[in-house]
1. Taking only the C-alpha atoms, wrap a convex hull around segment B:27-168 and report its volume per residue in Å³ as a whole number.
2. Within the set of other residues whose C-beta is less than 13 Å from the C-beta of residue B:123, count the net charge using Lys and Arg as +1 and Asp and Glu as -1.
3. Can you give me the % of accessible surface on segment A:32-156 that is carbon or sulfur? Probe 1.4 Å, all protein chains present, nothing else counted.
4. Bin width 10 Å, origin at 0, all Cα-Cα pairs of the protein assembly as shown: what percent of pairs per bin?
5. State the percentage of accessible surface on chain B attributable to carbon and sulfur atoms; use a 1.4 Å probe and exclude ligands, DNA and RNA.
6. Filter the trypsin sites (Lys or Arg not before Pro) in segment B:23-67 down to the DSSP loop ones having no more than 11 other Cβ atoms within 10 Å, then list what survives.
7. Cα to Cα, under 20 Å, and not fewer than 8 places away if on the same chain: which lysines meet these conditions relative to residue A:41?
8. In a GNM of chain A with a 10 Å cut-off on Cα contacts, which of A:113, A:160, A:177 has the highest mean-square fluctuation?
Amino acid sequence: MTDTATGTAPSRTAATRAMPSALKLGLSRGAVETKMFFREKDAVVFTFSFPIILLMLFGSIFAGPLEGSGVTVSQLYTAGLIGAGVMGAGFQSLGIGIAGDRDDGTLKRLAGTPMPRSAYFIGKIINVLVIAFLEVVILLAIGVLMYDLDLPSQVSSWVTFAWVFLLGVTGAALLGTAVSSLPRSAKSAAAVISMPFVVLQFISGVFIPFTQMPEWLINIASVFPLKWMCQGFRAVFLGADGASLELTKSYELDRVALILAAWVIGGLVLCLTTFRWKGRRDG
Amino acid sequence: MKNAIEVRGLTKRYGDVQAVKGIDLDIRRGEVFAFLGPNGAGKSTTVEILEGYRKRDAGEISVLGVDPGRPTREWRSRIGIVLQTANDAAELSVLETVRHFAGYYPNPRDPDEVIAAVGLSDKANKRVRQLSGGQRRRVDVALGILGNPELIFLDEPTTGFDPEARRQFWELIEGLAQTGSTIVLTTHYLDEAEALADRVAVIAGGRIVAEGEPATLGGRDTAKAVVTWEEGSVETSTPTKTIVELSRRYDGEVPGLAVHRPTLEDIYLKLIEAPRD
């Protein structure tokens, strides 16, 4: 989006200096968004504690190794909850956050300034990346310290981690941005956006292994990105030992990449066609 | 360019409702112009079209020489908008908010100076969330004037203020007007329009039903005065003559003497009653 100055009428002062660049303002918005996020203590606690509490809960209940593999249940949950945590930061927090921005006048105010609209989205992406990264670090620390999770030593595993993380965060963030237009107000946003996310977690193999799920549910889950993100993270953190636990006895990394990339493109199209800068009450 | 805003034949419809039914308007550079009108009269729609927030159905509009239906960043940097309801960025301090928004403009005013101008210097490090309603509106104004705008829109700036806060706010607006900026405000308060505006337009039923200086709006200056005293009252265009006669009759002081000219409110209420359709 390079909607730079094209007006013809000279102003008394503004014409002498160039407009600040979208990237610079995007970084500036990222800093401000992150600062505001960490000052809102309730949201910080809500965002970070959910996957952590679940990991500790499941890790305590289902201790011990899984039959026929060298993988423990808690390692499985660590990988799954990293996927859920990334999705939570991108889809849930961002979706609710943008719905709030639309409701409280943030979007309207920004639309009335010379800020390029792309700067708002750059800021949100930076904010989501920071949150998701911290979430992953915390979950990995718990996994390593409490549940004997081994961090992979090969570079190739971390390369896999990097692309699964980036594609996953981006896709989730774009979906979160698109879904933010659904709730009628900020008050209903938490319910409207959290509900599908919780359902998705249950059918995407975060909590319940696919081997215990009916085929039609697996088929539904396979449409959405969370299943593939978790599968990618399992490939990184469970390694070759865990592959036998997968439905197809393989992590199918090529399909993970394909479907996550498809969601990035689809999410982008959805955002560009449905994003509203105005609240419903603004008409 | 003599006029900051020129509007010809503006219309806007929402579904079955024709909100704006053909408005023509010129707002001169450097003047303070007020829109008056009841809720739902088309006032906010008109102003939001001028601000570049809404698309129009028909009509020719020029705001600072640019069509607001196709807003550019350069154009946006030349206007300042003070919104009606905004509760955003509550977790930032006043100074952080103003500094951040200053980055959007090619040639912003100094943030500290702007905070001082709106009278918030001693609250600069407070979070916006901790401010009172009146102080929050001052932050809104600070953000509106930050870019050194040639034209400032104020949407019902003092709604919900106590009388003292309103007086202080008026002084702030008068100060802005003296810097040469064109100011367009909407308001429900007739005393506000009278105190601040060089010219007012009354919008009712999607049309401008009267336009002019507050003192002469709707024939206010030529309307008959009402002289009342203890034993009677008379409507007259020559109240001084009436008082002289009364004074003679009472041989000096007239008991309970008062002269009433129609207030802006009287004129306004008459104007908005007429076009209800």
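1. 126 Å³
2. +3
3. 69 percent
4. Calculated over all Cα pairs of the protein assembly as shown, the distribution is 3, 15, 21, 19, 14, 11, 8, 4, 2, 1, 1, 0 percent.
5. 45 percent
6. Hits after loop and neighbour filter: B:55.
7. Once the sequence-local lysines are set aside, what remains near residue A:41 is A:124, A:187, B:126.
8. Most flexible of the set in this elastic network: A:113.
The values are calculated or read from the model by the stated rules, or taken from the named source; none is laboratory data. Keep in mind that this is a model prediction, so the values were computed, not measured. Backbone-built Cβ (ideal geometry, glycine too); neighbour counts: all protein chains shown. All accessible areas refer to the heavy atoms of the entire protein, side chains included, with ligands and DNA or RNA removed. Shrake-Rupley method; radii C 1.70, N 1.55, O 1.52, S 1.80 Å.
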